[in-house]
1. Do you know which of the residues in region 69-102 that are closer than 27 Å to Ile33 by Cβ, modelled with pLDDT of 60 or more and not basic (Lys, Arg) is nearest to the chain's Cα centre (by Cα)?
2. Can you confirm whether Thr5 is β-branched (Val, Ile, Thr) and modelled with pLDDT of 85 or more?
3. Between Pro65, Pro46, Pro71, which is in a loop (DSSP other than H, G, I, E, B) and of a type outside the set (Asp, Glu)?
4. Count, please, the residues in region 39-66 that happen to be among the hydrophobic types (A, V, I, L, M, F, W, C) and in contact (Cβ under 8 Å) with a residue 40 or more places away in the chain.
5. Please go through (1) aromatic (Phe, Trp, Tyr); (2) within 27 Å of Arg110 (Cβ to Cβ); (3) touching a strand residue (DSSP E or B) at 6+ places or on another chain (Cβ under 6 Å) for Tyr69 and return the number of the only condition it doesn't satisfy.
6. Exactly one of (1) surrounded by 18 or more Cβ atoms within 10 Å (Cβ to Cβ); (2) among the aliphatic types (A, V, I, L, M); (3) assigned to a loop (DSSP other than H, G, I, E, B) is unmet by Ala23. Its number?
7. Under the condition of being free of Cβ contacts under 8 Å to residues at least 24 places away in the same chain, part of a loop (DSSP other than H, G, I, E, B) and under 17 Å from the mean Cα position of the chain (by Cα), which residue from region 1-20 is surrounded by the most Cβ atoms within 10 Å (Cβ to Cβ)?
8. Quickly run through region 26-60 and pick out the residues that are loosely packed, with under 12 Cβ neighbours inside 10 Å and over 24 Å from Ser86 (Cα atoms).
Amino acid sequence: MDNSTRTALGIKDSHIELDNSFAETIEDQGDRIIVHLIQTYTMTCPHCGKPMSKNCFKKVYILVPSLHYKPTIWAIKKQKYICKPSKDCPEIITKLASVTNHISQDVKQRIMMLLTLNKGLFHY
């Protein structure tokens, strides 16, 4: 993914890429836009220091600011990790890839602004 695509989508995390396993990585579904992303990288065990094995993915959906006046959803497949027991590491350690700084400051500000709106529960 080039920098102009990252800037347009507001992605700051260098480990997030477009998921090429889909026919369309950015699909317009009429009433919403879904961007299929994948987050994976190498990780070491916090106990023994050896590289952890990749252990499937967890899918997370994040609502981000609109593109072309349509709600936009990031569908991120996050890599899960496992460290198998050994002499140095006596227990199975699993870890989900941490989310650090992949939501831009603009998105955070928009979320905060939407949370400040006073909306009633009932509409008459």
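The values are calculated or read from the model by the stated rules, or taken from the named source; none is laboratory data. The model shown is predicted, which means the values in this text are computed figures rather than measured ones. Please note: Cβ atoms are built from the backbone with ideal geometry, for glycine as well, and neighbour counts cover all protein chains shown.
1. The extreme case among them is Ile76.
2. The answer is no for Thr5.
3. Residue meeting the stated conditions: Pro46.
4. Number of matching residues: 6.
5. (3)
6. The number of the failed condition is (1).
7. That would be Met1.
8. Gln29, Gly30, Asp31, Lys59
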